[in-house]
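See below for the structure under consideration.
Every read-out reported here was derived from the displayed coordinates using simple, explicitly stated rules and does not represent laboratory data. These figures come from a predicted structure and were not determined experimentally. A quick note on method: Cβ atoms are made from the backbone with ideal geometry, for glycine too, and the neighbour counts reach across all protein chains shown.
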Amino acid sequence: MSAPTHIPPHPATRHGVETRLPWWALVLPALAFAALLLVILNPADAQATSGDPAVGRLFEQVQQMVLHQGS
């Protein structure tokens, strides 16, 4: 005696599927970028590693702009 086979119905297709990101998927990369930017812009480290003093001055100016916008 053979058992009847049950065929599952086809899943409904979704048109216009929207994917929403969780809040941390946007915040964590932004925080990581900001942290790396602050590490790069540390004037003591930037001047010690750069051979050109103009590069160190540029990093200092960018750091001052970032710090003034944050306050």
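Sorting 36-42, 57-63 by average packing, meaning the other beta carbons within 10 Å per residue, from highest down gives 57-63, 36-42. Full extension of the segment from residue 18 to residue 5, taken as 0.36 nm per residue of separation minus the current Cα-Cα distance, would add 1.1 nm.
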